[in-house]
Amino acid sequence: MNDMRKVERDLKVNDAKITARNVDVRYGETHAIKDVSIDIPDRTVTSFIGPSGCGKSTFLRCLNRMNDTIDICRVTGKITIDGKDINERSVDPVQLRAQVGMVFQKPNPFPKSIYDNIAYGPRIHGLARSKTDMDEIVERALRRGAIWNEVKDRLHAPGTGLSGGQQQRLCIARAIATEPEVLLMDEPCSALDPIATAQVEELIDELRQDYSVVIVTHSMQQAARVSQKTAFFHLGDLVEFGETEKIFTNPSDPRTESYITGRIG
Amino acid sequence: MTTLAFLLLIVATIFGYFLNRIAARSIWNRGERLHSLTSYHGLFSALMVLVPVLTIMLFWLALEGRILDSLTMSGLPDGVLDGQGTGGLQLILAEIKSVSRGQIFGTPEDWKIAAADRYIALTRTSNMLMLIVVAVLSVAIIAFARSRVRVDFRARQGVERIVSGLMIFCSVVAIFTTLGIIFSLTFETYRFFEKVPVWDFLFGVNWEPQIPIRADQIAAEGAFGWLPVILGTIVITVVALVVAVPVGLFSAIYLNEFAPPKVRLVIKPVLELLAGVPTVVYGFFAILVVAPAIRSFGQSIGLDVAPNTALAAGGVMGIMLIPFISSFADDALSAVPQALRDGALGLGATRGEMMTTVLFPAALPGIVGGVLLAVSRAIGETMIVVMAAGLIARMTINPLESVTTVTVQIVTLLIGDTAFDNPKTLAAFALGMMLFLVTLIINIFALRIVRKYREAYD
């Protein structure tokens, strides 16, 4: 275990995919995120945990500028992906969101066919040169999303007709189809039953090979199961960030310990 | 007297409510656990009184007139009615009634005055009888309802049953009214087709309905081909939709997705204000402002424009329809879940792409519903076209010419001298029937199309 931790630490130093420095988020008068700085490594699952309303989802939404779509939300501070400031004027948030995929709490397949759901991103970004090209992209994404075998015979059936767990994997596949580098997941399993949750967690673990995955979760067990790094948020502060193993066994901040042992939250 | 009966009923209702409520309350005060809240006990009594007694009163008032009339007429002395037709009988009855109200013209015969006295007496008896019936029934029902107040009496279920009965009644009223309208239309249309062949009506290209309705009038020969009239309706409707659909849709999309909240707060009520402008105001706007403007513009570029154009009437009608389409589309777009917007934006769609590829297909049924309503309004709209479109039926699709519409023709056919055994008057019913069928067919087709292309979200 010690060796592994060493490797992780090396990763952090050499290979920070996303870095945030002094990020503050305000919704009107509410100060939702207070001076958060964090380095999120590549090819790792990083989980954000914390009690409801602690700002973990808000912070996640900063990473692909989804907060831009909320009128009263103001983000300050510096966030870089691969060293490039994403809040810079020259960065097109639309391009950024293709590069940083997002999966939401409630499965939200479009009311279109399974095929069209996956093809949505590639189409709007012009990734496919031909029909066969698109077919390949769709198949690849569905395979990566671990749902290909369940839907390959009914690609033109509506995506809304799938079960909850299948819908969520469809949404993950849809996010993968635009070939992002980072995958953000906002409580992806909170609307799913235990079996579907297990399938999605397995998928998240596989996705780690290619992507930097950031997952917000309410379930500490889930954070412990799927992530290598864990960040604990409390009342808008990033309280503690480190290897998952350490956060759950030997937290350095008393607030983290209280949360993990169930005294706050 | 009738007012008194109504007042009595209201008092009985309120009295029943409080009587039962207080009775239930006293049981509750004894520490018992009532099945229903005390207010349900009160409501139960109130509704038990109100609904049946009111029904009886309304029936009474509806039937009273006929019974009194026939009693009055049958009481007339023998022989005075000999040789009178239906019209004559009605005239005599009307005279008797006006005498009973004290409006006496000339010197009525003695038997008419006697009949008027009897009519007054009968009316008084009937009113008195109604008052007694209302009073007795109210007291009886209140007593019955009061006797039901017990710990385990299910007043709540009783109230809900009565209310759901009222709801069923209300929904049935609408259906039966529609059926009644269809029936009378069908009947009169049938009479029209007895006088004018169906084929002449359906496929005739001449519409000259101004035929004489009395032997001494000089008028046209008459031709009842509806094609030029419905063509006029279609031209004006198309013009109106060409104006209303794009403007309404784009304003809805702008308000829904792109407008800053402050702008939305101002524009939306103003837009809805358009729906509140009376159509007659639109009518004179069309005839006094828009039509001359179109005419002078057309002449300045060398076009021959009629003083009353389909373009002016249709264009102004389009403006009238904008709020229908925009508010329906706005509601439909707002109803699309935020999750779908987030999903599209999260994949890197711009707001425009999100609108066209996700929101619009999902909101399609609501949007089409608004457009359909607008089509029905446009086809049925009368005031603007009466004022701003012409009266001459022409087979033309040129919006710069004067055209006439089905509704305009119905109005002109029924204004002035009418006789209900004349094809000129009956033609109005035939046109109404066709209008009804056309709107029905459009609705059915549109629903089919929506069902085929909609993208259902849940």
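The values are calculated or read from the model by the stated rules, or taken from the named source; none is laboratory data. Since the model is a prediction, treat every value here as computed from it, not as a measurement. We place every Cβ from the backbone using ideal geometry, glycine too, and count neighbours over all the protein chains shown. For accessibility, only protein heavy atoms count, side chains too; no ligands or nucleic acids. Shrake-Rupley method; radii C 1.70, N 1.55, O 1.52, S 1.80 Å.
Some values worked out for this structure:
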read-out	value
Test result for B:M317, more than 7 Å from chain A (Cβ to nearest Cβ), closer than 24 Å to A:L170 by Cβ and either in contact with a helix residue (DSSP H, G or I) (Cβ under 6 Å, 6 or more places away or on another chain) or surrounded by 19 or more Cβ atoms within 10 Å (Cβ to Cβ) (or both)	no
B:A140 vs. criteria assigned to a helix (DSSP H, G or I), of a type outside the set (D, E) and touching a Ser or Thr at 6+ places or on another chain (Cβ under 9 Å)	no
Tally, over the stretch A:38-52, of residues that are surrounded by 14 or more Cβ atoms within 10 Å (Cβ to Cβ) and either within 23 Å of A:S258 (Cβ to Cβ) or over 18 Å from the mean Cα position of the chain (by Cα) (or both)	7
Set B:A155, B:A223: member being touching a residue at least 40 places away in the same chain (Cβ under 8 Å) and open to solvent by less than 40 Å² (accessible area, probe 1.4 Å)	B:A155
Wholly within the stretch A:90-145, helices (runs of 4 or more DSSP H) carrying at least 1 residues that are within 14 Å of chain B (Cβ to nearest Cβ), in contact with a Phe, Trp or Tyr (Cβ under 7 Å, 6 or more places away or on another chain) and of a type outside the set (V, I, T)	A:114-125
Residue match in the stretch A:177-196 (condition: under 27 Å from A:D135 (Cβ atoms), over 13 Å from the mean Cα position of the chain (by Cα), within 12 Å of chain B (Cβ to nearest Cβ) and not hydroxyl-bearing (S, T, Y))	yes
Residue check, B:K268 in contact (Cβ under 8 Å) with a residue 60 or more places away in the chain and of a type in the set (D, E, K, R)	yes
Filtered residues of the stretch A:92-109 (kept if out of contact with any strand residue (DSSP E or B) (no Cβ under 6 Å at 6 or more places or on another chain) and in contact (Cβ under 8 Å) with a residue 12 or more places away in the chain)	A:P93, A:L96, A:R97, A:A98, A:Q99, A:K106, A:P107, A:N108, A:P109
Members of the stretch B:248-292 found to be surrounded by fewer than 12 Cβ atoms within 10 Å (Cβ to Cβ) and away from every other protein chain (no Cβ under 14 Å), listed by number	B:V266, B:P269, B:V270, B:L273, B:G276, B:P278
Members of the stretch B:164-179 found to be open to solvent by 60 Å² or more (accessible area, probe 1.4 Å) and either in contact with a Pro (Cβ under 9 Å, 6 or more places away or on another chain) or of a type in the set (V, I, T) (or both), listed by number	B:I168, B:V173, B:I175, B:T177, B:T178
Residue check for A:G159: at negative phi, more than 9 Å from every other protein chain (Cβ to nearest Cβ) and open to solvent by less than 10 Å² (accessible area, probe 1.4 Å)	yes
Helices (runs of 4 or more DSSP H) wholly inside the stretch B:357-458 containing at least 1 residues that are within 14 Å of chain A (Cβ to nearest Cβ) and open to solvent by less than 60 Å² (accessible area, probe 1.4 Å)	B:360-380, B:423-453
Which listed residue, of B:L81, B:L71, B:L54, is open to solvent by less than 60 Å² (accessible area, probe 1.4 Å) and in a helix (DSSP H, G or I)	B:L54
Breaking point among (1) within 8 Å of chain B (Cβ to nearest Cβ); (2) more than 25 Å from A:T30 (Cα to Cα); (3) touching a residue at least 60 places away in the same chain (Cβ under 8 Å), for A:D82	(1)
Residue in the stretch B:325-340 that is nearest to the other protein chains (Cβ to nearest Cβ), counting only those that are buried (at least 23 other Cβ atoms within 10 Å of the Cβ) and hydrophobic (A, V, I, L, M, F, W, C)	B:A329
Matching residues in the stretch A:165-186 - criterion: being farther than 15 Å from B:G343 by Cβ and either out of contact with any Phe, Trp or Tyr (no Cβ under 7 Å at 6 or more places or on another chain) or hydrophobic (A, V, I, L, M, F, W, C) (or both)	A:G165, A:Q166, A:E179, A:V182
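A quick yes/no check of all residues on (1) small (G, A, S); (2) under 19 Å from the mean Cα position of the chain (by Cα); (3) surrounded by fewer than 20 Cβ atoms within 10 Å (Cβ to Cβ):
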residue: A:Q221; (1), (2), (3): no, yes, yes
residue: A:V226; (1), (2), (3): no, yes, no
residue: A:L235; (1), (2), (3): no, no, yes
residue: A:L238; (1), (2), (3): no, yes, no
residue: A:E245; (1), (2), (3): no, no, yes
residue: A:P251; (1), (2), (3): no, no, no
residue: A:R255; (1), (2), (3): no, no, yes
